[in-house]
Structure formats: C-alpha cells, structure tokens
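Here's the structure, in structure tokens; my notes come after.
Every read-out reported here was derived from the displayed coordinates using simple, explicitly stated rules and does not represent laboratory data. This one's a predicted model, so the numbers in the text were calculated from it and none came from an experiment. Heads up, the Cβs are rebuilt from the backbone with ideal geometry, glycines too, and the neighbour counts pull from every protein chain shown.
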Amino acid sequence: MIYKETGQYKSSYKSDHAIFPLLQDKIAFSTLMFIAFLIIPFVINSYWEKAILVPFLIFSLAAIGLNILTGYCGQVSLGTGGFMAVGAFSTYKIMTYFPDMNIMIIILISGLITAAVGIIFGLPSLRIKGFYLAVATLASQFFLVWLFNKVPWFYNYSDTGQITVSERTMFGIPVTGAEAPSYATYLFCLVLVVTLSFAAKNLIRSKMGRSWMAIRDMDIAAEIIGVPPLKTKLSAFAISSFYIGVAGALYFAVFLGAIEVTESFDIMTISFPVLFMIIIGGLGSMLGSFLGAAFVVTLPIGLKFLMVDMVGLSAVTAKHFEITIWGLLMIIFLIVEPHGLARLWSIAKEKLRRWPFPY
Amino acid sequence: MRIKQLLIGMTASVIAVSSYVEMAIADLKFPMLVYRTGAYAPNGIPNADGFVDYYKMINARDGGIGGEKILHPECETGYKTQVGVECYEKNKKDAMVFQPMSTGITYQLIPKATADGVTVYSTGYGRTSAANGKVFKWIFNAPVTYWDGASIAVRHILKNNFGNIKGKKIALVYHNSAYGKEPIRTLQTLSKKHGFKLMLLPVDHPGQEQKATWLKIRKARPDNVLMWGWGVMNQVAVKSAASIKFPMDKFIGIWWSGSENDVLPAGQGAHGYKSLTFNAPGTNFQVHADIKKFVHDKGQASGDGSHFGTVLYNRGLFQAMVQVEAAVVAQKIHGTSKITPAMYRDGMENVNLSAKRLEELGFKDFAPPFKNTCENHGGSGLAAVQQWDAKAKKWNMITEYMYGDSDVVQKLIAEDSSKYAAEQKIAERCG
C-alpha cells in the first residue's frame, strides 16, 4: 500500500519513459538530491569527507564504469586499477603541461584518454571470452601499473615515483590540494557523479545499451539479429573506461592528492574491491553500483567504529575480525542473494507494494 | 523476515554512527598509526609495542608529561595509504604528533598536516628533503635521513676498500615504492663522485618474489649489495643471499632492514649480515629497567611482550622518547602543561637531546645526541653499522656513529625542497 502504483496513469510516451516513472520514486529521489546538494555541504566535516563521502562517490563512479562493461555487456574485467591509474596519470600530466586549464576539463579529458586506452585493451575481447578475457584484462592491470612505475616521464622524473597534485580552483574555491575545503571537494565529486550517472542511465536505455545487453545475453544470437559485436564490445570498453578514468582522476586529484602507482592502484586495493562492489551491489543495475560502493566503503569503517569505539576491542583484534567478517559476508552474499543488494531492494519494493496484506 | 532484520540492522547502525560524539580530551593525545596485520606486520608489531610500552611507562612512572596523561589510541592501517588517511582524519583533532611508520602515508600527510597544523614525525624515513625546516614547517625526520644512510653505507664500503672503490659494482636491492626509491638519486651522485658502478634491482610489493633479483646478482657478481627493504622482503632477501652464497659481510641493509626477524629465518646463513642503525639493540639501559618495573612486571606489556629489547622495539622506544621530549620542551617554552598542537610543534623544533639529557631520560649510549633547529629538522645525520652474529643470535655494533657525505646530501636536500616549495608556493622561514 505504501508503494502503490495504481492510479498513476501515463498519458504520454515521455512520462512513460521517465527514469523514475512512479511518484514515490520521484519524491524519494528529489529528497535524496535535496539532502545531498543542500544539506550535506553545510554539515560535512573533513572526516566524513575524506573517509566516507568522497571515496563513496569516487568508487560509485568506478563501479558504474565496471558495471557497464561487466554487468551490462557481460565482459569480465580485472583491469579497473590499471584504468584508474591511466586517469590519474593523465590528469597529472595535463595539469603539469597546462597549468591554467580548468580542473573539470582536465578530468574529462583524462576520462577520454582512458577510454582510448580501454579500446586498445578491449580488442582481445572480440576473440576471447569469460575467464580468458578476465585474464587478459588482468594483464592490462599489471602492464599499466608497471608502465607508470617504470617510465619516469609519467611521474615527471620525480625521485620517488610519487605524483602530487597542485592546487586547482573552481569558481575561485580550491577543489584539489590540501587547502581545499570539505564541502568543495564533496560538491565537485557529487556534481560529476550525478551528471555522469544520468548519462549512464540514459545510455543504458538507448540503442547502445540494449545492444550491450544483447551481447551479454547471447552474443551469437545478437550478431544474427544485426548487433555488430566489434562496435558494441568496443563501445562498452570505451565508455566503461571513461567512467573508470574519471574515477581515477578524482581519486588522485581530489581524494588522495599524492599517489604512488604500485600501492594506490594495486589489484587488491582497486580492481577486486570494485568487482566486489558490483557483485554485492548487483550486476547490471545502476542502483547496485551505488549500494555496492556504499557497502564496500563503509563496512570496514563501520565495523571498526563498532568494535573499537563502541565495544572497546584493540585495533588489531578488530582488524582480524574485520577481515574474517568481510570474507564471510562475501560468501553469504553469493549464496543467499547472488543478485546483490539491488535485488534486495526490489524485493523490498515488492513487499511494500502488498503491505499490509502479504500473501 | 530477512528484510525486517536488515532494516533493523541498518537503523541500528545509523543510530550508532550518528550518536558518535568526540570524546572531550584534556590529556595529551599521541595517536598511533600501526600495522599489526598484513605483509609488514613482522616489523610493525615490535615497533608499535615499543611505543606503547614507553607511553605506558611514562604514565605509570611520572604520571604523564608534566602531569598530563598520554593518550595513545591505536589505528590499524595495514600499511595501506587510504586507511592511513582515514586514521589521520579520525584522530587529527587535538593530536600532538603523527608517526605514520610508512613512507607512503607520510607523503600523503605532508600537505594535509601542514594545512591542518599537525606535527608529523617520520623518524629516519619519509621524505628526505623534509629535513629542510625552512620549507617543511610541520614535518620532522630526525635523527638521520635516507640520503645520509646511503652515503654512510658507501662510506663504510670505502673504508673497507682502503678508500678506493673505482670500478667496483654496488647493487641496490630496493622496495619498488617511494620508500625504496629514496636513495637512488644520492647513490647515483656518489657513483659519479667515487667512480663505482650502480646496479638497480627493484623488488615489487610485498617482496616475496625475489628469484630473478638474486639470479641477476649471481650473474653480475656485484662487490657489494645495499638493501632498502621492509617487511617480508627483508627475510626473503637475506635468505636468498645466503642461498646463493653471497658474502654476507658485503651485504648492507638500511636501518629498516636490520632487525632480528629479518635475519633469524635464514639461520646460520645470515651470519655476518650488516645493517645501519641509529639506536643500540639490547636491554642494558635504564629505560628498559623502568619499563620492566612499571609495565611488564605489572602484566601490562603491549602485545605478548616477546619483542622486548629487539632492534625495532628499541627504535619504537627511541621514537616515543623523542615525541615525549618534544612535549616536555613545549611545556617549558610555553609555561603551561596543557599544550596545543601548535605549541607542540615549537617543542619539537627545539628538542635538544644532548648526551646528558639522554642519560637523564634513561637512554645513556642508546643513540647519538642530536638537536632540531628551525632550519634543520633532520637531526644529526649519524648512523652506525651493526653486524649479525648468527651463533649468539645478536646484533653487534662494529663501527662508531658516523656522518654521511654531507656535501652531497645537503645539496640534494636543498634542490628537492626548493622544488617542492616552488610547486606548493611555500615561502621559506627562519629569517
């Protein structure tokens, strides 16, 4: 009864094609946007910014990127860390070559560069599938990280191989560097994430998105009905890499500020966690990308908070528990709800629709 | 049913998080970023234990610093930068000093802590050019830097070769990260100066896989091998060197590659392995007697207490001692026991650990004296060479504390820090 769709008539194609066709969804989404844009910026502090919100936004973007490739187009990728590194290093190089360029433009260009790299590494996907493709993308992860560590040009010949961001402003307010206020970095990421999410959602509903899904569901059948596999797969690689590249650029420029490629873009710090995000959140679901990112980013912090600050365990015991609980949750999720948190949410909606008369 | 439970769980956690209120702190807070888990835990644990035991001892023996108790909340980083940032943000309020114990996290904190006004003390690690206090106001890396270390190792080799190493081959086995890359520039400069050939051999994180590295060493037969390693990388390197029968007395590690856990797994093979150090090993110091009396005998030892007197434990004591001493100095300068983070920085900048003061603190002959000044945050630059005796299972100091090649090092520090100052638009201090 709460989530009632009866009585909501659609009288035009436009209203029928809306992203949120139901009034309840519209209200919920507008409230969320209201809170995100008009309340959080006023109450945010640097802990919430640096530990929770900014990483959540950045990883949501990376998860959307990977979801486009893996969830919608069915091409498994373990190269997320490598592609994020491309975004980060492009940002760094462009920043140092063009000191006056606007940071937003720099980040979008970095996304485009990553898309180009993604197309190159997507080429093998035409011949190899499934696990074999996963291994091929794994190679891209190792190759890209190795490249950025090996060739000093990428880190401007600094002694340590570290790249450091310098201050950049939007409307006169710094958004990168240590002096950037919390609300500025948060809003900067939020604007990018919201805009790009809408773009992704619409792409997925367009002809392109439908051909991705056709390839995912059965590539031979898709080819027979006229979906070109080359164009479709490469477009998925390109757009997915664009999102991941933008995420990598933000990760470097806005979030960490100083990065060392081997540590920050390691397969265990980026590629696997982002894959977990879309598995836990839900493959082939926009909402799932966000839920998964929120889950993976906040779970360790939440557990630590619960065990160290509330219960009073020592930091190391809590860490051991955290590792165990993390592993357990992964297994439980895969057994109990293989379709992820997004599926749980749709079950919840189903129940709310019938409540209070379950059958 | 599942949904209901999930909803209850979610609400509960939201309430828990939102009810989180910062504790009011009247004491002096020394947050600790530790890693007792992960690939670097074998080194992280003894070091963290040293810190905690020293703080506990000061609290028990002196009732804190000038009457103010020391709070030392631990935050587990697992040597991961991103977690380090979270830990920093969580604990930075009213924090006196951060000791990241990781070069990666130190680089991360340098701009942040400078903006927030929090002292970072990276004892003998981190960014070497932070020794230039004119540029790095909030960052300290006394008593000795990696570039000093590199030149001290070369000096030791020079001495063993009667001052001539022209045409000799020196290999550097290093952790392929900012930490391991630190000495390269210095060694390149020194190789030009002394005419030796430098061979660079990176080892990727975490450092288990070194077969190719040591195969290359076996083929190229360098005369000396230097190592910048940490965690499991050290053990594997020492074992591999022993297994290819590399002369161990020609193998010199930095001070982070010279603890008991690094050499014990190699057994007798490690006999004669050398490393640099800036503090003495062992338990024959007043501070150990005090810790035994006030902490260990009361059953309050940090961890299992088994690392008492090991190299890294003792280094933890030294690091904690400097941090506490900075608070003492700050209290003296500002005439109040309730010091703020800004006052603490003044204290750190005026730390003067003379031989006499070290003796008062129970650290007689434990480490060479040093002092910080406005210009110099890098300390004395003194380190000695110690050698592992596998039969007696102990480290022996085989040289006096010696200086590095300060002409070379100071020039490089000035270059690198002025580059940083230009990038970050920092005006030089100290007149």
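Which loop-located chymotrypsin sites (Phe, Trp or Tyr not before Pro) does the stretch B:122-191 contain, where loop means any DSSP state but H, G, I, E or B and the Cβ has at most 11 other Cβ atoms within 10 Å? Can you show the working numbers first?
Details: sites: B:Tyr125, B:Phe136, B:Trp138, B:Phe140, B:Tyr146, B:Trp147, B:Phe162, B:Tyr174, B:Tyr179; in loops: B:Tyr125, B:Phe136, B:Trp138, B:Phe162.
Answer in residue order: B:Phe162.
Angle between the Cα long axis of helix B:103-116 and the longest principal axis of chain B, 0 to 90 degrees, nearest 10?
It is inclined by approximately 40 degrees.
Rank the residues A:Thr80, B:Thr373, B:Thr189 as a footprinting-exposure proxy: fewest other Cβ atoms within 10 Å of their Cβ go first.
On the way: A:Thr80 32, B:Thr373 14, B:Thr189 19.
Fewest-to-most Cβ neighbours within 10 Å comes out as B:Thr373, B:Thr189, A:Thr80.
Mind checking the stretch A:72-141 for trypsin sites (Lys or Arg not before Pro) that DSSP puts in a loop (not H, G, I, E or B) and that have at most 10 other Cβ atoms within 10 Å? Before the final figure, lay out the partial values.
Working: sites: A:Lys93, A:Arg127, A:Lys129; in loops: A:Arg127, A:Lys129.
Taking the stretch A:72-141 and a limit of 10 other Cβ atoms within 10 Å, the loop trypsin sites (Lys or Arg not before Pro) found are A:Arg127.
Return B:Met402, A:Met277 ranked ascending by Cβ neighbour count within 10 Å, so the fewest neighbours appear first. Could the numbers behind the result be given before it?
Numbers: B:Met402 18, A:Met277 30.
By the 10 Å Cβ count, ascending, the order reads B:Met402, A:Met277.
Counting helices only, and only those DSSP H runs with n ≥ 4, report the 222 nm mean residue ellipticity of chain A as the sum of -39,500 (n - 2.57) divided by its residues, in deg cm²/dmol to the nearest 500. Could you put the intermediate results ahead of the total?
Numbers: 16 runs with 225 residues, N = 359.
Calculated from helices alone, the mean residue ellipticity at 222 nm is -20000 deg cm²/dmol.
Over what distance in Å are the Cα centres of the stretch A:300-350 and the stretch A:146-188 separated?
32
Can you tell me the relative contact order of chain B? Whole percent, Cα pairs under 8 Å, sequence separation 6 or more.
Details: 831 pairs, mean separation 86.4, N = 431.
Contact order relative to length: 20 percent.
³J(HN,Hα) across the stretch A:220-232 via Karplus (A = 6.51, B = -1.76, C = 1.60, θ = phi - 60°), whole Hz, x for Gly/Pro?
Result, ordered by residue: 5, 4, 4, 5, 5, 7, x, 8, x, x, 4, 4, 5 Hz.
As I understand it, the dipole of the stretch A:46-265 uses +1 on the Cβ of Lys and Arg and -1 on the Cβ of Asp and Glu, about the Cα centre. Which of A:Phe154, A:Tyr251, A:Ser197 lies farthest toward its positive end?
Farthest along the dipole direction, towards plus: A:Ser197.
On a straight-distance basis, which aspartates and glutamates could pair with B:Lys181 in a cross-link, Cα separation under 16 angstrom, same-chain partners fewer than 8 positions away excluded?
A:Asp159, A:Glu260, A:Glu263, B:Asp148, B:Asp204, B:Asp416
Taking the Cβ of A:Asp266 as the centre, find all other residues whose Cβ is under 11 Å away and add up their charges (Lys, Arg: +1; Asp, Glu: -1). It would help to have the intermediate numbers written out before the result.
Values: positive: B:Lys80; negative: A:Glu260, A:Glu263, B:Asp204.
Value of the local net charge: -2.
What's the center-to-center distance, using Cα atoms, between the stretch A:11-67 and the stretch A:71-95 in Å?
23
Let me make sure I get this right: for the stretch B:135-243, a, b and c are the square roots of the gyration tensor eigenvalues over alpha carbons, sorted descending. Under 1.5 in a/c it's rounded, otherwise prolate if a/b > b/c, else oblate. Which is it? Let's see the in-between values first.
Numbers: a/c = 2.00, a/b = 1.07, b/c = 1.86.
Judged from the Cα gyration tensor, the stretch B:135-243 comes out oblate (a/c at least 1.5, b/c at or above a/b).
With both partners inside the protein assembly as shown, how many of the DSSP beta bridges are antiparallel, as a percent to the nearest 5?
Values: 19 of 46 bridges.
Counting DSSP beta bridges with both partners in the protein assembly as shown, the antiparallel share is about 40 percent.
Within the set B:Lys93/B:Lys292; B:Lys112/B:Lys419; A:Lys50/A:Lys93, which residue pairs have Cα atoms separated by over 27 Å?
Values: B:Lys93/B:Lys292 32 Å; B:Lys112/B:Lys419 18 Å; A:Lys50/A:Lys93 24 Å.
Long pairs (Cα-Cα over 27 Å): B:Lys93/B:Lys292.
Of A:Lys4/A:Lys351; B:Lys169/B:Lys245; A:Lys129/A:Lys201; B:Lys69/B:Lys371, which sit over 22 Å apart, Cα to Cα? Please report the intermediate quantities before stating the final value.
On the way: A:Lys4/A:Lys351 11 Å; B:Lys169/B:Lys245 17 Å; A:Lys129/A:Lys201 26 Å; B:Lys69/B:Lys371 25 Å.
Exceeds cut-off: A:Lys129/A:Lys201; B:Lys69/B:Lys371.
Past 24 Å, Cα to Cα, is the threshold; run B:Lys168/B:Lys274; B:Lys56/B:Lys338; B:Lys193/B:Lys219 against it and keep the listed order.
Result: B:Lys193/B:Lys219 exceed 24 Å.
Give the relative contact order (percent, whole number) for the stretch A:272-359; include only Cα pairs under 8 Å separated by 6+ residues.
Values: 75 pairs, mean separation 29.9, N = 88.
Computed over the stretch A:272-359, the figure is 34 percent.
Tell me what chain B gives for mean residue ellipticity at 222 nm when only DSSP H runs of n ≥ 4 count, each as -39,500 (n - 2.57), the sum divided by the residue total, rounded to 500 deg cm²/dmol.
Calculated mean residue ellipticity at 222 nm is -13500 deg cm²/dmol.
Roughly how many debye, to the nearest 20, is the charge dipole of chain A about its Cα centre, given +1 on each Lys and Arg Cβ, -1 on each Asp and Glu Cβ, and no other charges?
Numbers: 24 positive and 18 negative charges, 246 e Å.
Using only the charged Cβ atoms, the result is roughly 1180 debye.
What does the net charge come to around A:Ser110 if you take all other residues with beta carbon closer than 14 Å to its beta carbon, with K and R at +1 and D and E at -1? Don't jump to the answer; show the numbers that get you there.
Numbers: positive: A:Lys93, A:Arg168; negative: none.
So the surrounding residues net to +2.
For chain B, what is the Kirkwood estimate of the hydrodynamic radius, computed as the reciprocal of the mean inverse distance between distinct Cα atoms, to one decimal in Å? Walk me through the numbers before you get to the answer.
Working: mean 1/r = 0.0447 Å⁻¹.
Taking every pair of different Cα atoms in chain B, averaging 1/r and inverting gives 22.3 Å.
Among A:291-299, A:265-273, A:6-14, how do they line up by average Cβ neighbours within 10 Å per residue, starting with the highest?
Numbers: A:291-299: 21.8, A:265-273: 19.8, A:6-14: 7.9.
The peptides rank, most packed first, as A:291-299, A:265-273, A:6-14.
So what's the net charge close to B:Trp228: Lys and Arg +1, Asp and Glu -1, counting the other residues with Cβ under 15 Å from its Cβ? Can you show the working numbers first?
Numbers: positive: B:Arg127, B:Lys181, B:Arg185, B:Lys274; negative: A:Asp159, A:Glu260, B:Asp148, B:Glu182, B:Asp204, B:Asp262.
Every neighbour counted, the sum reads -2.
Taking the Cα centre as origin and putting +1 on Lys and Arg beta-carbons and -1 on Asp and Glu beta-carbons, what dipole magnitude results for the protein assembly as shown, to the nearest 20 debye?
Values: 76 positive and 56 negative charges, 328 e Å.
With Lys and Arg at +1 and Asp and Glu at -1, about 1580 debye.
Could you tell me which of rounded, prolate or oblate describes the stretch A:150-222, using a ≥ b ≥ c as the square roots of the eigenvalues of the alpha-carbon gyration tensor, with rounded for a/c under 1.5 and, failing that, prolate when a/b is larger than b/c and oblate otherwise? Before the final figure, lay out each step's value.
Numbers: a/c = 4.89, a/b = 1.65, b/c = 2.96.
Cα axes put the stretch A:150-222 in the oblate bin.
Identify which of B:Asn261, B:Asn161, B:Asn224 has the largest mean-square fluctuation in a Gaussian network model of chain B, with springs joining Cα atoms closer than 10 Å.
Looking only at B:Asn261, B:Asn161, B:Asn224, the biggest GNM fluctuation is shown by B:Asn161.
Just tell me which aspartates and glutamates come within less than 20 Å, Cα to Cα, of A:Lys10; anything on the same chain fewer than 8 places away is out.
Partners found: A:Asp25.
How large, in Å, is chain A by the Kirkwood hydrodynamic radius built from its alpha-carbon pairs? Please report the intermediate quantities before stating the final value.
Values: mean 1/r = 0.0464 Å⁻¹.
Result for chain A stands at 21.6 Å.
Relative contact order of the stretch A:46-265: what whole-number percent is it, with Cα pairs under 8 angstrom and at least 6 residues apart? Before the final figure, lay out the partial values.
On the way: 340 pairs, mean separation 92.7, N = 220.
It rounds to 42 percent for the stretch A:46-265.
In the Gaussian network model of chain A, springs joining C-alpha atoms below 10 Å, which of A:Ile19, A:Ile279, A:Ile106 carries the largest mean-square fluctuation?
In the Gaussian network model the winner is A:Ile19.
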